[in-house]
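Let me begin by presenting the structure, written as structure tokens, before commenting on it.
Quick note: the coordinates plus some simple rules give every number you see, no bench work behind them. Here the structure is a predicted model, which is why all the values come from computation and not from measurement. Here Cβ is always computed from backbone atoms with ideal geometry, including for glycine, and neighbour counts include all displayed protein chains.
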Amino acid sequence: MKNEDIRIAVLRIEGTNCEQESLDAFKRLGLNPEFVHLKQLLHIDCNEDEKRDIFDFQCLMIPGGFSAGDYIRAGAIFAARIKSKLQKKLQDFVEEGYPVMGICNGFQVLIELGLLPGIDNHISQIPQACLNINDSDRFECRSTLLKHENNGNCIFTSKIKKNDIRLIPSAHAEGKLLFPLDEQEQYLNKLEENDQIVFRYVDQDGNYSGYPWNPNGSISNIAGICNHSGNVFGMMPHPERSFYKFQHPNWVNNNLQNNYGDGRAIFESVLNYISQKF
């Protein structure tokens, strides 16, 4: 599939942000991204020529922000609206191998949708995890170091070597990944066994560390996970904000090559997957 034929839906409703940076990241690689309001997929309050179908696209991306004001829980209203009419079609989209990515608020939406953690490819009718309020009880906006821990299952990081450490900024108030308290060890073991853990927060020496290196207190320092099949991926930090090396806070002295930032490889990995599969 040619790059220009690959269509990406950057989904939004009221309160989403970072959609422009997300769209630009795909566009810079020669893909054909499009802003798609959820109403266009639901076919409400839009003209006939504005209506879209999930299967018009080869990838669905849910960006960051504070969708619907993060009322009830972060991402809950966005997810509920998707479930209202699109649950079956979204499930088919995922089962057919199309990639779905959620960044920050998008990760929260994927958790609320039951697409993640997606252990054994099970799409839950109710959330099996949550992204809780940060341990600091405040919004954390800081550079975070992420260690890539996936062995190849996640299609979104195929261009990143195992154990690579990437600087990707975080900006969230509710990023603490938790599972049911009486089952946390079982969930972690399953995620490890299925190669579903993608990124963990580390310090400057590559060690798992607490605050501020882990900005939210997420269990086992997890910053990003994928489903069992590897085509649904959520992470709290923002790779679209580190597409170029000059977005790195110490860009003059670091070893980034060819103007590439630490987040670019995630978008390149999606491109590689789609061009080979479809």
Per GNM of the chain with C-alpha springs under 10 angstrom, the most fluctuating residue out of G234, G210, G263 is G210
Provide the descending list of Cα extents for the range 63-125 along its principal axes, expressed in whole angstroms. 32, 22, 17
When DSSP beta bridges are limited to those with both residues in the chain, what percentage is antiparallel, rounded to the nearest 5? 60
Using helices alone, I'd like the mean residue ellipticity at 222 nm for the chain: each DSSP H run of four-plus residues gives -39500 (n - 2.57), total over residue count, nearest 500. -7500 deg cm²/dmol
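First check a/c for the range 1-73, with a ≥ b ≥ c the square roots of the eigenvalues of its C-alpha gyration tensor; if it is under 1.5, answer rounded, and if not, answer prolate when a/b is larger than b/c or oblate otherwise.
Note, shape of the range 1-73 comes out oblate.
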Quick check on the range 189-278: what does the Kirkwood estimate of hydrodynamic radius come out to from the alpha carbon pairs, in Å? 14.8
For a quick check, take a GNM of the chain with Cα springs below 10 Å and name the residue from C104, C141, C18 with the largest mean-square fluctuation. C141
Of all stretches in the chain that avoid GluC sites (Glu not before Pro) placed in a DSSP loop and having at most 13 other Cβ atoms within 10 Å, the longest is 97-278
Convex hull volume of the range 119-278 per residue (C-alpha atoms, cubic angstrom): 119
Of D49, D135, D164, the most mobile residue in a GNM of the chain (C-alpha springs, cutoff 10 Å) is D49
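Classify the chain as rounded, prolate or oblate from the Cα gyration tensor: take a ≥ b ≥ c as the square roots of its eigenvalues, call it rounded if a/c is under 1.5, otherwise prolate when a/b beats b/c and oblate if not.
Working: a/c = 1.44, a/b = 1.17, b/c = 1.23.
In terms of gyration-tensor shape, rounded.
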Students often get this wrong, so check it: of K190/K245; K88/K190; K88/K162; K51/K245; K88/K147, which have C-alpha atoms separated by over 32 Å? K190/K245; K88/K162; K51/K245; K88/K147
Size of electric dipole in the chain: Cβ of Lys, Arg +1 and of Asp, Glu -1, about Cα centre, debye, nearest 20: 440
Just to verify a number: FRET efficiency for S275 and D164, C-beta to C-beta distance, R0 = 22 Å, to 0.05? 0.45
Which of the aspartates and glutamates could a cross-linker span from K277 if the Cα-Cα distance has to be under 18 Å and same-chain partners fewer than 8 positions apart are dropped? E4, D5, D56, D92, E95, E96, E268
At most 15 other Cβ atoms within 10 Å and a DSSP loop assignment: could you name the chymotrypsin sites (Phe, Trp or Tyr not before Pro) in the range 1-102 that fit? Y71
